[in-house]
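Inspection log for the structure reproduced underneath, given as structure tokens.
Nothing in this text is a laboratory measurement; each read-out follows from the coordinates by a stated rule. Only a predicted model underlies this, so the values are computations on that prediction, with no experimental measurement involved. Counting neighbours? That spans all protein chains shown, and the Cβs are built from the backbone with ideal geometry, glycine included.
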Amino acid sequence: MALPFLKKSPPKTTAAGLPENLPQHIGFIMDGNGRWATKRGMPRKFGHREGAKNFHDITRYCRSIGIRNISFYVFSTENWKRPQEEVDAIMNLLWEYLNDCDEYLEQEVRMIFIGDKSRLPERIAKRMVELEQDSAKYDKMNLILAINYGGRDELKHAAQLIAQEVKDGKLEAADITEQTIADHLYTAGLPDVDLLIRPSGELRLSNFLIWQCAYAEYYFTNVLWPDFNREELNKALVDFSTRGRRFGGV
């Protein structure tokens, strides 16, 4: 029998059966694509294609239920270590995706790309900038895609920008605050992550939004990303709604 102080109150739900208390910002680590394909005797790149299809559906669903910010870990700074064939397949898939974003623009979704664009193929980096400019005025949902991104790399980049401002006399070192750092991150102006979801059974952040997830609620599941459907997301949302978030208070 559960101890009284461990019991969770059932969440209040909407007419659609969703919790009333939805997160403002969900982060997704799309893990398990390669394993999903390998289990079926298929090449790993096939798993990435299926994972991309699921990404589209989860994005649509989040938009439909009113989630205002969603972040996806698309390609990390460490993913370059993978076999070249797999990296090339991911880049080709990314290029296809970036050229098929009319639906998001029609739905007034703002697209934001975080990470170091300098190492990406020129056509991809250019298209990312175009999409950010074309969607800059939209405010129905922020779709944040982390590509060639690493949390430590982001903090290093922010530190370099702040150091330059100190060197130029625009900022005193003693005046640097947490907000100063936040304002120099790729995610400046965006809310921190409320709910971080990682499928595939791994129990770590893997260098994803490490500053922004300081007070995030974590949700881990053994379901591989291509199988992480709307029903699985609803389970995570229900679980989130039962957690007490005090941010260090009482």
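Against the list (1) surrounded by 17 or more Cβ atoms within 10 Å (Cβ to Cβ); (2) within 21 Å of Leu22 (Cβ to Cβ); (3) out of contact with any Pro (no Cβ under 8 Å at 6 or more places or on another chain), the condition Leu205 fails is (2). Being buried (at least 17 other Cβ atoms within 10 Å of the Cβ), in contact with a Pro (Cβ under 8 Å, 6 or more places away or on another chain) and assigned to a helix (DSSP H, G or I): is that true of Leu233 here? No.
Can you name the residue in the stretch 126-145 that is surrounded by 13 or more Cβ atoms within 10 Å (Cβ to Cβ) and aliphatic (A, V, I, L, M) and is also farthest from Ile65 (Cα to Cα) among such residues? Ranking the qualifying residues of the stretch 126-145, first place goes to Met128.
Residues in the stretch 176-201 that are aliphatic (A, V, I, L, M) and either within 13 Å of the chain's Cα centre (by Cα) or loosely packed, with under 13 Cβ neighbours inside 10 Å (or both): Ala188, Leu190, Val193, Leu195, Leu196, Ile197. When the stretch 30-44 is filtered for residues that are over 21 Å from Tyr149 (Cβ atoms) and either in a helix (DSSP H, G or I) or hydrophobic (A, V, I, L, M, F, W, C) (or both), the ones remaining, listed by number, are Arg35, Trp36, Ala37, Thr38, Lys39, Met42.
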